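Here's the structure, in structure tokens; my notes come after.
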Amino acid sequence: MSSANETNHASLPRDARLPINRCNLPAVVLGGLTYQRHPSPLYLDGVAELHADLFRRLAVVEAPTARAEVFRDYMTVHFRLERPEEMGFTGRRKSRAKANYVRMIRGWSFDSDSREGAVLKGWVESRFGLMPRYHAQPLRDPSGEAYRRYLEMRSAGLYGTNALESQFDLVYAYCQREIALRHPGARHVTLYRGVNRMADHEVLAKGTGGEHVILLNNISSFTHSRERACEFGDYILAVDVPLTKIFFHCGLLPGVLQGEDEFLVIGGVVDVRLSTI
């Protein structure tokens, strides 16, 4: 039987989660250590039903590259990405109307503490109930100045866009469908993250041999290549990531992310193996 201390380490802290979300599992479950070890499917509310036509189209296409084109075309047409005026846009700053899912993911890749990063962290907060823990600085107090700046950046990133968070919903659903097709029966993938200071991470428990339990930010970048992770820090975190927590990866839509073999991973409490270069 687990001790009370081990149970606490396995749980998602109360201040890191919302009481409600928009998926089939509560944040306290999907953000806990037990979920990392024994994941089950995650579904965003209403996405499959609202976009059944997309998934019917994808079901008859065999080649991954062709499915990617079907997905891109659907997004362009459904969200009028090339014709924002058809969705009611009347402003002068067309650059905001063109701030679509592709630009947001690329912006994250350049700087996860950017306005685009705030929008993605806000989407995870809204859909999965996992609170952001870091955006340019630690976010521990929802009434504090750091959290206020994060909210301002999130609002500025969403302003003048067309259902940007709904676009992310479809990106996640498409990613999960592709992962299931390309890796049938798989539940985890080992990913790596290079860091310079473990003090920047919320370590909930320390074990032997570099084993730690940490609380990740609600979305973080990882790589499939340990060698690539070494370029980003002196310490390497190795995590067995549930496939259900992958929001996007570099091979999903060709041309969106370049290099780095980057994966965008939804957070929570995880076991990590810490090593040095």
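Worth pointing out:
- Among the conditions (1) under 25 Å from Arg273 (Cβ atoms); (2) polar (S, T, N, Q); (3) touching a residue at least 12 places away in the same chain (Cβ under 8 Å); (4) part of a loop (DSSP other than H, G, I, E, B), the only one that Thr190 does not satisfy is (4).
- Total residues in the stretch 11-31 satisfying the condition of being among the charged types (D, E, K, R) and over 12 Å from Pro132 (Cα atoms): the figure is 2.
This table checks each residue for (1) among the hydroxyl-bearing types (Ser, Thr, Tyr); (2) modelled with pLDDT under 95; (3) exposed (fewer than 12 other Cβ atoms within 10 Å of the Cβ).
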{"residue": "Ala10", "(1), (2), (3)": "no, yes, no"}
{"residue": "Ala27", "(1), (2), (3)": "no, no, no"}
{"residue": "Pro39", "(1), (2), (3)": "no, no, no"}
{"residue": "Ala68", "(1), (2), (3)": "no, no, no"}
{"residue": "Tyr101", "(1), (2), (3)": "yes, no, no"}
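- Verdict on Tyr150 being under 20 Å from Val269 (Cα atoms), of a type in the set (Phe, Trp, Tyr) and surrounded by 13 or more Cβ atoms within 10 Å (Cβ to Cβ): no
- Gln167 fulfils the conditions (1) at pLDDT 95 or above; (2) buried (at least 17 other Cβ atoms within 10 Å of the Cβ); (3) outside any helix (DSSP H, G or I) except for a single criterion, (3).
- Any hit, the stretch 201-209, residues being under 18 Å from Ser112 (Cβ atoms) and either among the charged types (D, E, K, R) or buried (at least 17 other Cβ atoms within 10 Å of the Cβ) (or both): yes
- Flag for Tyr172 being of a type outside the set (Asp, Glu) and either in a helix (DSSP H, G or I) or under 22 Å from Phe79 (Cβ atoms) (or both): yes
- Matching residues, the stretch 12-39, being assigned to a loop (DSSP other than H, G, I, E, B), over 22 Å from Val189 (Cα atoms) and touching a helix residue (DSSP H, G or I) at 6+ places or on another chain (Cβ under 7 Å): Leu18, Asn21, Arg22
- Any hit, the stretch 55-63, residues being modelled with pLDDT of 95 or more, touching a helix residue (DSSP H, G or I) at 6+ places or on another chain (Cβ under 8 Å), of a type outside the set (Phe, Trp, Tyr) and under 25 Å from Arg22 (Cβ atoms): yes
- Annotation: of all residues in the stretch 116-140 being in a helix (DSSP H, G or I) and basic (Lys, Arg), the one that is surrounded by the most Cβ atoms within 10 Å (Cβ to Cβ) is Lys121.
- Strands (runs of 3 or more DSSP E) wholly inside the stretch 207-277 that include at least 1 residues being modelled with pLDDT of 95 or more, of a type in the set (Gly, Ala, Ser) and within 25 Å of Thr34 (Cβ to Cβ): 219-223, 235-242
- Screening the candidates Met75, Met1 for the property of being among the hydrophobic types (A, V, I, L, M, F, W, C) and either assigned to a helix (DSSP H, G or I) or modelled with pLDDT of 95 or more (or both) yields one hit, Met75.
- Which numbered condition Arg140 fails, given (1) over 25 Å from Leu25 (Cβ atoms); (2) among the charged types (D, E, K, R); (3) at pLDDT below 95: (1)
- Hits in the stretch 150-164 (condition: under 16 Å from Val77 (Cα atoms) and assigned to a helix (DSSP H, G or I)): Leu164
- Filtered residues of the stretch 165-187 (kept if hydrophobic (A, V, I, L, M, F, W, C), under 15 Å from the mean Cα position of the chain (by Cα) and over 11 Å from Ile246 (Cα atoms)): Phe168, Leu170
The values are calculated or read from the model by the stated rules, or taken from the named source; none is laboratory data. Nothing here was measured: the structure is a model prediction, and the numbers come from that model. We place every Cβ from the backbone using ideal geometry, glycine too, and count neighbours over all the protein chains shown.
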